[in-house]
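I have placed the structure first, in the form of structure tokens, so that the comments after it can refer back to it.
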Amino acid sequence: MKTILLVSGPNLNLLGEREPEIYGDATLADYVELASSTAADHGYELVHRQFNDEGGIVEEIHSARGTHEGIIINPGALTHYGWSIHDALAAYDGPVIEIHLSNPNAREPWRHTSVVAPVALGSIVGFGGYGYELAVNALANALK
């Protein structure tokens, strides 16, 4: 079965506990389950990896080359300064969708710049957990 890679960045393992007023009370496992179910509806298996360090994310993106059809990534705070993630995604040969639970553009000014957006097909922000379903649907559409 063809696979889609979902990469979650630092501190996303704390979803459900961390700042529920911003990120909601659902857990990362809840979002992964929604994304997995949506991927299966399109005939894809979702593979999820979560990292609390930039190097792990870069290594995972490198290993995705020739392995996964596309990548959905929520790099967390690394969105704003993780240039090595940008470079790894630029070298990836499939479509990339950037996702965020909150809308970074409606938050602190330092969150307004994404170094991932220039190498992504598109960004889905501010829709909470529903964004994971939207991201999988967008990626599946791009892979047609």
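What follows draws every value from the coordinates through simple rules; no lab data is involved. From a predicted model like this one, the values you see are computed outputs, not experimental measurements. Positions of Cβ are generated from backbone atoms using ideal geometry, with glycine treated the same way; all protein chains shown enter the neighbour counts.
Which whole-Hz ³J(HN,Hα) couplings does the range 11-17 yield from phi under the Karplus relation 6.51 cos²θ - 1.76 cosθ + 1.60, θ = phi - 60°, glycine and proline marked x?
Along the range 11-17, the couplings run 6, 5, 5, 9, 4, x, 10 Hz.
Using the Cα atoms as the points, what is the convex hull volume per residue of the range 1-62 in Å³?
Numbers: hull volume 4.7 nm³, N = 62.
Expressed per residue, the convex hull around the Cα atoms of the range 1-62 is 76 Å³.
Trp83 versus Ala142, label points 7 Å from Cα toward the beta carbon: distance in nm?
In this crude spin-label approximation the distance works out to 2.4 nm.
Express in nm, to one decimal, how much length is gained between Arg65 and Leu14 on full extension, taking 0.36 nm for each residue of separation and deducting their alpha carbon distance.
Net length gain for the segment: 15.5 nm.
Could you tell me the calculated FRET efficiency between Asp53 and Met1, based on Cβ-Cβ distance and R0 = 22 angstrom, to the nearest 0.05?
About 0.15, to the nearest 0.05.
Count the net charge of all other residues whose Cβ sits under 15 Å from the Cβ of Gly128, scoring Lys and Arg as +1 and Asp and Glu as -1. Could you put the intermediate results ahead of the total?
Details: positive: Arg18, Arg107; negative: Glu19, Glu21, Asp25, Asp30, Glu33, Glu133.
With Lys, Arg at +1 and Asp, Glu at -1, the neighbours total -4.
Please grab the % of Cα pairs in the range 3-143 that end up more than 28 Å from each other.
8 percent
Per the helix-only calculation at 222 nm, which mean residue ellipticity applies to the chain, given -39500 (n - 2.57) for every DSSP H run of n ≥ 4 and division by its residues, nearest 500 deg cm²/dmol? Could the numbers behind the result be given before it?
Working: 5 runs with 51 residues, N = 144.
So the helix-based figure for the chain works out to -10500 deg cm²/dmol.
Send over the per residue convex hull volume for the range 38-84, Cα only, as a whole number of Å³.
On the way: hull volume 4.0 nm³, N = 47.
Convex hull of Cα atoms, per residue: 85 Å³.
Expressed in nm to one decimal, what extension gain is obtained for the pair Asp93 and Glu45 from 0.36 nm per residue of sequence separation less their Cα-Cα distance?
15.4 nm
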